[in-house]
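What follows draws every value from the coordinates through simple rules; no lab data is involved. Quantities reported herein were computed from a predicted structural model and do not represent experimental measurements. Counting neighbours? That spans all protein chains shown, and the Cβs are built from the backbone with ideal geometry, glycine included.
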Amino acid sequence: METQYLKQFMSLVIGLSLFQVANAQLPEPGFEIDKKTAIVITDPQVDFLSTKGVAWGAVGESVVANNTIANIETLFKLGKQYNIQIFVSPHYYYPHDHTWKFEGVLEVLMHNIKMFDRSDQLSSKGFVNSGADWMPQYKKYIEKPGVTVSGPHKVYGPESNDLALQLRKQGFDKIILGGMSGNLCAESHMRELIENGFEVAVVGDATASAILPGLDGNLAAQTNFKLIASKVYTTKELVAELAK
């Protein structure tokens with residue numbers, strides 16, 4: 001009988017604890033934008049963001065709903081206006097990447113649909129206006145001195161490129177993050193940069209994610225941004241913050 005009462009008591013305690021957690025306000029660490037803050041944009045490329053891109057059928061709904069194309073451009077404009085260094089982490093695949101012996105689900109898909117394909121890592125032949133190219137409206141911000149384009153990441157995070165090195169070497173340890181796609185490359189960059197000691201804020205509507213039957217990548221991304229980053233801005237909130 002005592003054991004039964006103890007089990008009932010413990011169930012009540014656990015239930016109350018879960019109720020308190022579920023109804024508690026999440027802490028707000030905050031994020032101070034200073035001279036050691038950079039803007040990082042992942043995959044601002046045609047295959048993700050153009051209606052002609054190979055991934056549009058999966059990500060288009062989220063891109064339109066979040067106003068992602070315009071919001072990413074706003075990040076580029078803010079970098080220029082407030083002299084915040086811009087870093088771009090692109091996604092490219094070269095012929096040798098198609099010889100991989102094993103891949104995850106979306107790696108297989110990306111290779112099958114030739115997403116981000118380039119013909120040669122030492123040549124830009126065929127790059128312009130391809131799916132791997134920058135969105136046309138972003139070129140005037142990216143193709144100029146002072147913008148750092150890292151080596152290409154190969155799966156989702158920056159572990160396979162030199163983004164973290166470039167940030168550290170240039171003296172930045174705080175990141176405002178946006179770009180494609182939210183629950184894959186952007187989220188993976190957020191996680192890896194935080195694990196490596198960077199302070200990260202995410203601009204949630206400057207991202208977008210695949211929405212497929214039974215799978216809502218945008219919801220997953222926005223949830224994890226909120227639970228992991230120091231701050232999640234909307235683009236309008238970031239504009240207002242910088243204007244103070």
Open item on the list: Quick check on this structure: which one of SER209, SER150 is touching a residue at least 24 places away in the same chain (Cβ under 8 Å), more than 14 Å from the chain's Cα centre (by Cα) and either within 30 Å of ASP120 (Cα to Cα) or crowded, with 22+ Cβ neighbours inside 10 Å (or both)?
Closed with: SER150
Open item on the list: Given (1) in contact with a Leu (Cβ under 7 Å, 6 or more places away or on another chain); (2) not in a loop (DSSP other than H, G, I, E, B), identify the lone condition not met by TYR156.
Closed with: (2)
Open item on the list: Name the single residue that is farthest from the chain's Cα centre (by Cα) among those in region 74-102 being surrounded by 15 or more Cβ atoms within 10 Å (Cβ to Cβ) and part of a loop (DSSP other than H, G, I, E, B).
Closed with: TYR94
- [ ] Give VAL202, VAL239 a once-over and let me know the one that is surrounded by 14 or more Cβ atoms within 10 Å (Cβ to Cβ), closer than 26 Å to ASP47 by Cα and of a type in the set (A, V, I, L, M).
- [x] VAL202
Task: Residues of region 188-223 that turn out to be under 17 Å from ASP162 (Cα atoms) and part of a helix (DSSP H, G or I), as a count - done: 8
- [ ] Among residues belonging to region 115-129 that are charged (D, E, K, R) and more than 15 Å from ASP43 (Cα to Cα), point out the one that is surrounded by the most Cβ atoms within 10 Å (Cβ to Cβ).
- [x] ASP120
Task: Qualifying position, being within 16 Å of VAL63 (Cβ to Cβ) and surrounded by fewer than 17 Cβ atoms within 10 Å (Cβ to Cβ), among LEU184, LEU227, LEU165, LEU219 - done: LEU219
